[in-house]
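Have a look at the structure below before the remarks.
The values are calculated or read from the model by the stated rules, or taken from the named source; none is laboratory data. On a predicted model such as this, the values are computed, not experimentally measured, just so you know. Note that each Cβ is placed from the backbone with ideal geometry, even for glycine, and that neighbours are counted across all protein chains shown.
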Amino acid sequence: MLQKSSLPKVAYEDMNEMHYEEADLINHLFKEIESGSDKNVTTAVEELLEHMQKHFEFEEGMLKNRGFAMFDIHRNDHARILNETRMAYMNWRNFRDREALKEFLEDEFIEWLNLHIQAMDSVAAEFLKKCSK
């Protein structure tokens with residue numbers, strides 16, 4: 001489980017909200033992995049992927065439109081985890097290995113999310129906050 005309160009906060013509240021929504025989706029996916037049907041696990045992964053896509057498009061749109069200097073680095077980090085999550089989803093679709101999906105979330109995704117927020121989103125949020133003044 002991912003506690004929302006454990007996620008780093010950034011200076012731009014809309015970004016924090018997206019992270020909290022993602023935490024809810026991750027926790028829902030954990031529940032489905034533990035006790036849901038294969039169909040429910042599949043749906044939960046698809047919902048997470050859809051949210052990630054919207055989340056990243058939202059951030060990238062704001063950053064690109066305002067000329068954020070680290071835009072390409074930020075976008076590439078999004079692309080990397082999105083591709084890794086898609087691979088975990090394909091592995092799930094092919095093998096129905098709940099433990100592998102759970103390990104991906106715990107060992108890869110959650111760690112990435114925390115590091116991304118700390119290293120990239122915090123800088124981006126400060127930039128967006130300055131732009132809105």
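What single numbered condition from (1) assigned to a helix (DSSP H, G or I); (2) free of Cβ contacts under 8 Å to residues at least 12 places away in the same chain fails to hold for Gly67?
(1)
Let me confirm something: among Asp24, Asp38, Asp77, Asp72, which residue is among the acidic types (Asp, Glu), at pLDDT 95 or above and surrounded by 18 or more Cβ atoms within 10 Å (Cβ to Cβ)?
Matching residue, one of Asp24, Asp38, Asp77, Asp72: Asp77.
Go over the candidates Lys129, Lys133 one by one and state the one that is over 16 Å from the mean Cα position of the chain (by Cα), outside any helix (DSSP H, G or I) and farther than 30 Å from Ile33 by Cα.
Lys133
Can you pull out the residues in the range 41-64 that are of a type outside the set (Asp, Glu) and either crowded, with 18+ Cβ neighbours inside 10 Å or in contact (Cβ under 8 Å) with a residue 40 or more places away in the chain (or both)?
Within the range 41-64, Val41, Thr42, Ala44, Val45, Leu48, Leu49, Met52, His55, Phe56, Phe58, Met62, Leu63 meet the criteria.
Any residue in the range 95-102 that is over 11 Å from the mean Cα position of the chain (by Cα) and under 20 Å from Glu21 (Cα atoms)?
Within the range 95-102 (the criterion being over 11 Å from the mean Cα position of the chain (by Cα) and under 20 Å from Glu21 (Cα atoms)), the answer is yes, since at least one residue qualifies.
From the list Phe109, Phe95, exactly one residue is surrounded by 13 or more Cβ atoms within 10 Å (Cβ to Cβ) and of a type in the set (Phe, Trp, Tyr). Which is it?
One residue alone meets the criteria, Phe109.
For residues that are outside any helix (DSSP H, G or I) and within 19 Å of Leu2 (Cβ to Cβ), tally how many sit in the range 14-64.
Residues flagged as outside any helix (DSSP H, G or I) and within 19 Å of Leu2 (Cβ to Cβ) within the range 14-64 amount to 1.
Test Glu99 against the criterion of being of a type outside the set (S, T, N, Q) and closer than 27 Å to Val123 by Cβ, and give yes or no.
No, not satisfied.
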